[in-house]
Amino acid sequence: MFTGIIEEVGEVVQAEGGVLRIRAEKIIADAKLGDSIAINGVDLTVTEIDGDSFLANVMPETYRRSNLGELKRGEAVNLERSVKPNDRLSGHIVRGVVEGRATVDSFQAESDAIIARFRTPPELLRYMVVKGPVAIDGASLTIIDKTADSFAVSLVQYTQAHTNLLRKQPGDSVNIETDIIARYVETLLHNA
């Protein structure tokens, strides 16, 4: 489990054939083999540690649902270690199970914030509500607007500086994890 509070922006060293190698300073400091680290919001297992980088294997299903297959050497990725039982839950409950992708539509300045809008498939939008949580490339954010085919979040200065989101361009894909509680409620009501 994760909080969606990005700890570090790492750098892709290798991305090929089911392998991701990521350079990181903070995340790697106390990492052990078998640890869970969210890379752009995808919960992956550390399978090797080598100096300032770690390796994780990526399954075909993960490539199908996420943007990890689009990563290139030198690209920035959001990183977060899994929560420990005694950690504070600062963001929201993020499972690290990406449900699909959205496409960056636009960034618009609003005072010292940036409004980021994403085009999103209906099967993801159905689990989003204004003022509800969403994880975008693993970052815990609050939805401020929703239309029939998009949603928007407001990026505070800290998020602008400490995630990879503003390095994206319109048309780039991002990983999306919706609120698990909405999914459970729908399933329970459907099966009632």
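Can you work out the accessible area per residue across the range 59-172, with the rest of the protein chains kept in place, probe 1.4 Å, in square angstrom?
Using a 1.4 Å probe on heavy atoms only, each residue of the range 59-172 averages 54 Å².
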| query | So what is the relative contact order of the chain, in percent, for Cα pairs below 8 Å that sit 6 or more residues apart? | reply | 25
| Can you give me the pair-distance distribution of the range 67-119, C-alpha pairs, 10 Å bins, whole percents? | 15, 33, 39, 12
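Hey, what does the equivalent ellipsoid look like for the range 26-185, semi-axes from the Cα gyration tensor as sqrt of 5 times each eigenvalue, largest first, whole Å? Please report the intermediate quantities before stating the final value.
Working: eigenvalues 129, 59, 54 Å².
Values for the range 26-185, descending: 25, 17, 16 Å.
Express the carbon and sulfur contribution to the solvent-accessible surface of the range 1-141 as a percent, rounded to the nearest whole number, probe 1.4 angstrom. Can you show the working numbers first?
Working: 3380 of 6920 Å².
Summing carbon and sulfur atoms, their accessible area is 49 percent of the total for the range 1-141.
Send over the Kirkwood Rh of the range 99-192, from the inverse of the averaged 1/r over different Cα pairs, rounded to one decimal Å. Before the final figure, lay out the partial values.
Working: mean 1/r = 0.0737 Å⁻¹.
That comes to 13.6 Å for the range 99-192.
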| note | Mean projected area (nm²) from the convex hull of Cα positions in the range 1-67 is 4.4
| message | Along the Cα→Cβ direction, 7 angstrom out, place labels at Ala109 and His190. What is the inter-label distance in nm? | response | 4.4
| How much length, in nm to one decimal, is gained on full extension between Val19 and Asn86, taken as 0.36 nm per residue of separation minus their Cα-Cα distance? | 21.0 nm
| message | Check which residues have an amide H placed less than 5 Å from Glu80's amide H, if you skip close sequence neighbours. | response | Glu7, Ala38
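The values are calculated or read from the model by the stated rules, or taken from the named source; none is laboratory data. The model shown is predicted, which means the values in this text are computed figures rather than measured ones. Methodologically, a virtual Cβ is constructed for each residue, glycine included, from the backbone with ideal geometry; neighbour enumeration extends over all protein chains shown. Calculation scope for accessible area: heavy atoms of the full protein, side chains included, ligands and nucleic acids excluded. Shrake-Rupley method; radii C 1.70, N 1.55, O 1.52, S 1.80 Å.
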